[in-house]
2 protein chains.
Amino acid sequence: MDNIEQNEDASTIMRGTEADKAADYANYFCSYAYLYHQKQMLMDHNRMRAYHSAIMSNRKMFEGKVVLDVGAGSGVLSIWAAQAGAAKVYGIEFTDIAKHARVLVEANGVSDVVEIIQSSAEDIQLPCKVDIIISEWMGYILLRESMLDSVIRARNKWLKPDGAMFPSHATMFLGAISFEEDRVAKVGDYAASMHDWSQFTDEMKKYYNINMTPLDDHFDREQAQYYIYSGLWTELKPEHLIGQPSIIKRLDLNTCTIEDALGVDKTPYSITVPFPATISGFAGWFTVDFAGSSANPCQKRVTLSTGPEGGYTHWGQQVFYMQNAIVAAPETVLAGEVAMVRQDENKRLYNLDISISTNGGEKNQYKYEIP
Amino acid sequence: MDNIEQNEDASTIMRGTEADKAADYANYFCSYAYLYHQKQMLMDHNRMRAYHSAIMSNRKMFEGKVVLDVGAGSGVLSIWAAQAGAAKVYGIEFTDIAKHARVLVEANGVSDVVEIIQSSAEDIQLPCKVDIIISEWMGYILLRESMLDSVIRARNKWLKPDGAMFPSHATMFLGAISFEEDRVAKVGDYAASMHDWSQFTDEMKKYYNINMTPLDDHFDREQAQYYIYSGLWTELKPEHLIGQPSIIKRLDLNTCTIEDALGVDKTPYSITVPFPATISGFAGWFTVDFAGSSANPCQKRVTLSTGPEGGYTHWGQQVFYMQNAIVAAPETVLAGEVAMVRQDENKRLYNLDISISTNGGEKNQYKYEIP
């Protein structure tokens, strides 16, 4: 039999539309159906304060207006929009958390205004266009989860020409960091795992007469990927950051296309090390602004930062360590290009490709998963 | 719009055949594609010794014979079958670990005998029937993962009438346990989580004017499910076991049907407490035997036990704690009925339903997930 054809059979089951949806539900949506997960996000006070303040400080934009909440979750943003005076709020939510959102809408006395609709953003049908789209769609380094696609599709279809997006602008940052305790620990975990593997292959030969060593290299790559070449959720302190971070992307959410939101094309960055420092690697994070649109600007602008200077958020920062640190003298320039690209196998996940040169020297190229 | 219909739309994406396969791949198969996961299983020496000894002590059954290895993983069982003298071994493996299996087959000098085929068990085409089917299909409490279905389908289609299954028999056990340190810790984690929730709902009201308390009961159920009413992987010591365990199911793998292997129908059990003991809950585990078939019995029988008496296996035991322990005098009889049933949403996962009465008194009914 033809094994190559069979191999293709096994992988093509991931490609059909219904099959894609089912895998996406299993991989992505299902976790959002737990109250525990919702609570984690609701206990993120930086996140909560930013949205609450953006809505309540700009009540005039909500009073008597129609609002769409994309990915309503437990319905908190929809309830706030109603409390701010909206005439009608459509909260759309794909997972079964929608039924809890309905309970909260009722219990908070806004069921005459808020309608929770269990649907994907793409399949929704509304009786009219809306004045404001509010949504909390951001993932690690802004784009992970790829939920922004759905928000943009909803915007293109349902937002009035003079409407406004909440949030309205997003910015992605890349910074150099010094966090040797953590880097050394990760590199040590990787070394320990490889030591384990070597003991394991010895035992497999000795006890069971199986030579496993031809897989040494693959296991090494698998473990290096896991321990080092994967983005790590980290709560950095401001002092871990070395020099000024580079902006690697800006999005105007009122106007950007789905293409704009796919990822970060190869983008140059440059960071000057201001004092003698050991560079452990890089960190990525984002900010979003609530500024309204040019037709309908916010009276009060609000910013939500997930950077090391802003204190805890559940997004933290994504950290990318180098296997070997760079010992940098003052005025050392770290420069290169960074790209953030969707994974082929799972469109909600990304890879980060980064090249690094020191003072214009040879470029080193690294590829990280953002799992 | 009709929200109820939309709700059904969202869930029916899980039901189509291709969609089922895609979700199943995302939920189940993909983890087996990592060498790290394979290594965990290969480092389980009780598991390895049982299979190795079953094959090598019964070489006569393999010499010159055709063998099928269902779910070959890294190909170790296939290589052993070849080392024991098989004329031909078909190792079928659905995930990409198949390519590593091919490397190992080559490196261990058996590529003239072993053919690794990347396919599902259901889709395989072989040129002939086989003398032996070897497979390591067992999950927690034997049936979790529901891989046995695929093994039985392969057996019905490809095993000769006088062939033999390796392993050939399986037995499921339920025991009463005393492990108060662990039970009290889990109940404490649950209580702490509910205390956290209560602080959280206070803050949501105080800071953000949202009443979350209508979800108290649901969160309570979600957390009780998570911390208490879920099977827990545990490495019990023999002294944790109280009295004699009950056998709740036996399977002859040479003859059983897929129906037989679906789960455990309501089955009575009875355990007598031999000395004063605090009963924390129950534990489930299994043994499998390599005895061959009546037409083709093993010269040497081998048993693989995953019970508390047998030392570490990666299966451990699944423990089901009660929220309140039972303080039992000597000769107390714990009796009731136990059932193990596939979950509706994911056929590879199970629920355990158990009723418990003490000395014939009132029955208490509990439902656990085996996640």
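The values are calculated or read from the model by the stated rules, or taken from the named source; none is laboratory data. What you are looking at is a predicted structure, and each value in this text was computed from that prediction instead of being measured. Cβ placement follows ideal geometry from the backbone for every residue including glycine, while neighbour counts extend to all protein chains displayed.
Can you name the residue in segment A:49-72 that is under 28 Å from the mean Cα position of the chain (by Cα) and surrounded by fewer than 21 Cβ atoms within 10 Å (Cβ to Cβ) and, of all such residues, is farthest from the other protein chains (Cβ to nearest Cβ)? Only one residue fits best here, namely A:57. Looking at A:188, A:284, A:292, A:263, just one residue is more than 14 Å from every other protein chain (Cβ to nearest Cβ), of a type in the set (Gly, Ala, Ser) and closer than 15 Å to residue A:320 by Cα, and that residue is A:284.
Taking the conditions (1) without any contact (Cβ under 8 Å) to a residue 12 or more places away in the chain; (2) under 23 Å from residue B:348 (Cβ atoms) in turn, residue B:255 satisfies each one other than (2). May I ask you to say which residue of B:119, B:78 is among the polar types (S, T, N, Q), closer than 22 Å to residue A:210 by Cβ, buried (at least 18 other Cβ atoms within 10 Å of the Cβ) and within 24 Å of the chain's Cα centre (by Cα)? Just a single option satisfies the conditions, and that option is B:78. Can we say residue A:245 is touching a residue at least 40 places away in the same chain (Cβ under 8 Å) and in contact with a Leu (Cβ under 9 Å, 6 or more places away or on another chain)? Yes, satisfied. Being touching a strand residue (DSSP E or B) at 6+ places or on another chain (Cβ under 6 Å) and under 19 Å from residue B:313 (Cβ atoms) is the filter; apply it to segment B:219-246 and report the residue that is surrounded by the fewest Cβ atoms within 10 Å (Cβ to Cβ). Within segment B:219-246, the match that is surrounded by the fewest Cβ atoms within 10 Å (Cβ to Cβ) is B:234.
In segment A:87-103, the condition of being of a type in the set (Val, Ile, Thr), outside the structural domain of residue A:292 (by TED's automatic domain parsing) and assigned to a strand (DSSP E or B) is met by at least one residue. For the structure I just gave you, tell me whether residue B:147 is away from chain A (no Cβ under 14 Å), surrounded by 23 or more Cβ atoms within 10 Å (Cβ to Cβ) and closer than 21 Å to residue B:74 by Cα. Considered against the rule, which asks whether it is away from chain A (no Cβ under 14 Å), surrounded by 23 or more Cβ atoms within 10 Å (Cβ to Cβ) and closer than 21 Å to residue B:74 by Cα, residue B:147 comes out as no. Please specify each residue of segment A:125-144 satisfying the condition of being crowded, with 19+ Cβ neighbours inside 10 Å and among the hydrophobic types (A, V, I, L, M, F, W, C). Hits for segment A:125-144 are A:130, A:132, A:133, A:134, A:137, A:138, A:141, A:142, A:143. Does residue A:34 count as within 21 Å of the chain's Cα centre (by Cα), closer than 30 Å to residue B:193 by Cβ and modelled with pLDDT of 75 or more? So residue A:34 passes the test.
Do we find a residue being within 14 Å of chain A (Cβ to nearest Cβ), under 20 Å from the mean Cα position of the chain (by Cα), among the polar types (S, T, N, Q) and in a helix (DSSP H, G or I) anywhere in segment B:220-231? Scanning segment B:220-231 turns up at least one residue that is within 14 Å of chain A (Cβ to nearest Cβ), under 20 Å from the mean Cα position of the chain (by Cα), among the polar types (S, T, N, Q) and in a helix (DSSP H, G or I). Residues in segment B:315-328: is at least one hydroxyl-bearing (Ser, Thr, Tyr) and within 22 Å of residue B:148 (Cβ to Cβ)? Within segment B:315-328, none of the residues are hydroxyl-bearing (Ser, Thr, Tyr) and within 22 Å of residue B:148 (Cβ to Cβ). The residue of segment A:102-113 that is farthest from the other protein chains (Cβ to nearest Cβ), among those that are more than 15 Å from residue B:209 (Cα to Cα) and within 30 Å of the chain's Cα centre (by Cα), is A:102. Only residues that are away from chain A (no Cβ under 12 Å) and among the β-branched types (Val, Ile, Thr) were counted across segment B:73-91, and they come to 1.
Kindly indicate whether any position in segment A:293-307 is at pLDDT 95 or above and on the phi > 0 side of the Ramachandran plot. No; the residues of segment A:293-307 include none that is at pLDDT 95 or above and on the phi > 0 side of the Ramachandran plot.
Take the conditions crowded, with 23+ Cβ neighbours inside 10 Å and more than 28 Å from residue A:348 (Cα to Cα) and apply them to residue A:86. Does it pass? Steps first, answer last, please.
Numbers: crowded, with 23+ Cβ neighbours inside 10 Å: yes; more than 28 Å from residue A:348 (Cα to Cα): yes.
Judged against the criteria, residue A:86 is a match.
Here residue B:125 meets each of (1) out of contact with any helix residue (DSSP H, G or I) (no Cβ under 8 Å at 6 or more places or on another chain); (2) more than 10 Å from chain A (Cβ to nearest Cβ) with one exception, condition (2).
So that you can scan it fast, the table gives a plain yes or no per residue for (1) surrounded by 14 or more Cβ atoms within 10 Å (Cβ to Cβ); (2) farther than 17 Å from residue B:135 by Cβ; (3) aliphatic (A, V, I, L, M):
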residue: B:156; (1), (2), (3): no, no, no
residue: B:163; (1), (2), (3): yes, no, no
residue: B:167; (1), (2), (3): yes, no, no
residue: B:181; (1), (2), (3): no, yes, no
residue: B:184; (1), (2), (3): no, yes, yes
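Checked against (1) closer than 24 Å to residue B:370 by Cα; (2) within 13 Å of chain A (Cβ to nearest Cβ), residue B:139 meets all criteria but (2).
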